[in-house]
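The values are calculated or read from the model by the stated rules, or taken from the named source; none is laboratory data. A quick note: this is a predicted structure, and the numbers were derived from the prediction, not measured. No Cβ is skipped: glycine too gets one built from the backbone with ideal geometry, and neighbour counts run over all protein chains shown.
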Amino acid sequence: MTETFTPPEESAPIIELRGCSRGFGAMQVLRDISLNVYRGETLVLIGESGCGKSVTTKLLANLLEPSSGEVFWNSQPVSQMSAEQMRRDRLKLGYLFQGGAMFDSLSVYENVVFGLRENRKMSEADMREIAFTRLREVGLPASAAQKFPSELSGGMRKRAALARALAMSPEIIIYDEPTTGLDPIMSDVINELILQARSARPVTSIVVTHDMTTVKRVATRVVMLFPLARLPQNESQIIFEGTADQAFNHPDERVHDFVHGISGKRLQELFAA
Ligand SMILES: Nc1ncnc2c1ncn2[C@@H]1O[C@H](COP(=O)(O)OP(=O)(O)OP(=O)(O)O)[C@@H](O)[C@H]1O
């Protein structure tokens, strides 16, 4: 790593992975990852398909446990939190899954109010107010509320899923490939919504993406992971950490080629294999 990002010294990380490793069966995916997420930043995770970006976000969200290492939320080890504290803290975290992960049997309205209905003692009128405000914020018409997810286009589904995540007013939002499968205009709309979500309220965003336009538009910090299988034994799996500009001008060929979409050396490796 030749260029470094200077984290805000005065603030403790809102989430921290300390020396986390994780595998599945015999396959090791993450090795000794240490990563801090700071309040208010938009951290973008990039890296080749399969290098472990989603697994990293699931460790951050405590949806998966590390096989070794520790995850901290607000400086507290999650492994030592009570079930009740975990439940309360998890409500502060919204997760926008790759496919949206809407409940197909529920209308968009019921999807958006789902978390509120389950977790907050709120009147139907208050929930309606929040649901229609969030739908409006993501640019969906009120008429979308009565539709089922299967009746929406991919872009509308992503926006409805975002409305659902925003309904809970999360402090942290994790976006897993928010623009994948969308046309360039709709991708731009989603990027704009990510920016708006953080300007409307103090939110910390973690974005996994292959979309370099998203990286340039939304990232306040970029972290690049490298697939463990091709990583030298003593090298950190985080091969880059810095600004988007630094990523695009980085001397490490692996970083440079990835962000510029140059198959070069990787192509040679694939043919040599
Ligand atoms: N629950 C699981 N069980 C078994 N293997 C898993 C599981 N979750 C992830 N993996 C494996 O871990 C590796 C990393 O997966 P991950 O989804 O984190 O990759 P990624 O970098 O997000 O990829 P992409 O960019 O393609 O979404 C993959 O080989 C994947 O098959």
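List of remarks:
- Complete set of residues in segment 81-107 that are more than 21 Å from the chain's Cα centre (by Cα) and either of a type in the set (G, A, S) or at pLDDT 95 or above (or both): S82, A83, S105, S107
- Flag if S67 is at pLDDT 95 or above and either among the hydroxyl-bearing types (S, T, Y) or touching a Phe, Trp or Tyr at 6+ places or on another chain (Cβ under 7 Å) (or both): yes
- Residue, farthest from P13 (Cα to Cα), within segment 148-196, restricted to residues that are more than 16 Å from the ligand (Cβ to nearest atom) and in a strand (DSSP E or B): I173
- Any hit, segment 73-96, residues being within 16 Å of the ligand (Cβ to nearest atom) and not in a strand (DSSP E or B): no
- Among the residues of this structure, S199 does not count as one that is among the small types (G, A, S), within 21 Å of L60 (Cα to Cα) and out of contact with any Pro (no Cβ under 8 Å at 6 or more places or on another chain).
- For segment 58-75, the set of residues classified as touching a residue at least 60 places away in the same chain (Cβ under 8 Å), touching a Leu at 6+ places or on another chain (Cβ under 8 Å) and surrounded by fewer than 21 Cβ atoms within 10 Å (Cβ to Cβ) consists of A61 only.
- Pairs, first assigned to a strand (DSSP E or B) in segment 40-55, second of a type in the set (A, V, I, L, M) and away from the ligand (no atom under 13 Å from the Cβ), C-beta under 6 Å, six or more apart: T42/V218; T42/A219; L43/V37; V44/V215; V44/A219; V44/V222
- Meets criteria (within 30 Å of E110 (Cβ to Cβ), out of contact with any helix residue (DSSP H, G or I) (no Cβ under 6 Å at 6 or more places or on another chain), free of Cβ contacts under 8 Å to residues at least 24 places away in the same chain and surrounded by fewer than 22 Cβ atoms within 10 Å (Cβ to Cβ)) for S263: no
- S67 within 16 Å of the ligand (Cβ to nearest atom), over 16 Å from the mean Cα position of the chain (by Cα) and at negative phi: yes
- Of all residues making up segment 28-57, the number that are at positive phi and either more than 8 Å from the ligand (Cβ to nearest atom) or surrounded by fewer than 21 Cβ atoms within 10 Å (Cβ to Cβ) (or both): 3
- Once segment 216-233 is narrowed to residues that are within 29 Å of F24 (Cα to Cα) and in a helix (DSSP H, G or I), the residue that is modelled with the highest pLDDT is L228.
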